[in-house]
């Protein structure tokens, strides 16, 4: 496997856990069954667009990752996520590529945003998932990487709100950024207002400029 920065051979990125024949069908059936068993449901659908960024919030629990997988399998999407470059090295690096990972090399002179913009521009289809809070713990601000990536590439944002109170993932609201960052951020915050996540807690989030 040849790795150039964060991109492996095209065949690695084109076939993921979400698109592998037979295996993806089995995992989709399994995840759908588990979602029904624990009482969670998905409301809405993802847009028929080649490129966009899914932002999920609030992120309050370690269970969010499994919930995210269940939602992605349910919606039959093929998504990407960011991971530190060390995870993608041999002997298990192939697994993280297969799961849709894009390694980010923190030692490179170019920053995270630049690396993701390049990855997006090199791809015909690019669906990136980001949890703006960056942690399940309390934060007073969201990290703004998602905004700068979307702005630099010209792709829209798609909201994925975790409604822990009603055990519902609400997805599909599309938002195209404007030239007014302050107004954009106010609108984005509004999509998630009132949702408490898997682990309910009081939190007021200020987005970083």
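Given the options 90, 62, name the one that is at pLDDT below 90 and either more than 19 Å from the chain's Cα centre (by Cα) or under 18 Å from residue 123 (Cα atoms) (or both).
On the way: 62 fails: either more than 19 Å from the chain's Cα centre (by Cα) or under 18 Å from residue 123 (Cα atoms) (or both).
Residue meeting the stated conditions: 90.
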Test residue 18 against the criterion of being more than 16 Å from residue 168 (Cβ to Cβ) and free of Cβ contacts under 8 Å to residues at least 12 places away in the same chain, and give yes or no. no
Filtered residue count, the stretch 175-199, keeping only those that are touching a helix residue (DSSP H, G or I) at 6+ places or on another chain (Cβ under 9 Å) and surrounded by 13 or more Cβ atoms within 10 Å (Cβ to Cβ): 11
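From the residues in the stretch 104-152 that are assigned to a strand (DSSP E or B) and more than 14 Å from the chain's Cα centre (by Cα), which one is modelled with the lowest pLDDT? Steps first, please.
Let us first name the residues in the stretch 104-152 that are assigned to a strand (DSSP E or B), namely 104, 126-130, 141-142.
From the residues that got through so far, the ones that are more than 14 Å from the chain's Cα centre (by Cα) too are 104, 141-142.
Numbers: 104: 77, 141: 74, 142: 79.
Going through the qualifying residues, I end up with 141.
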Which numbered condition residue 24 misses (of (1) crowded, with 16+ Cβ neighbours inside 10 Å; (2) at pLDDT 90 or above; (3) closer than 28 Å to residue 193 by Cα): (3)
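Taking the condition part of a loop (DSSP other than H, G, I, E, B) and closer than 16 Å to residue 130 by Cα, does residue 155 pass?
yes
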One residue from 75, 69 being within 29 Å of residue 40 (Cβ to Cβ) and either free of Cβ contacts under 8 Å to residues at least 24 places away in the same chain or out of contact with any strand residue (DSSP E or B) (no Cβ under 9 Å at 6 or more places or on another chain) (or both): 69
Looking for something surrounded by fewer than 18 Cβ atoms within 10 Å (Cβ to Cβ), touching a strand residue (DSSP E or B) at 6+ places or on another chain (Cβ under 8 Å) and under 26 Å from residue 29 (Cα atoms) - is there at least one such residue anywhere in the stretch 106-129? yes
The stretch 166-209, subset within 20 Å of residue 69 (Cβ to Cβ) and part of a loop (DSSP other than H, G, I, E, B), residue modelled with the highest pLDDT: 167
Counting only residues in the stretch 65-84 that are within 21 Å of residue 15 (Cβ to Cβ) and in a strand (DSSP E or B), the one farthest from the chain's Cα centre (by Cα) is identified as 83
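The values are calculated or read from the model by the stated rules, or taken from the named source; none is laboratory data. Predicted model, so just to flag it, every value in this text is computed and none were measured. Cβ: placed from backbone, ideal geometry, glycine included. Neighbour counts: every protein chain shown.
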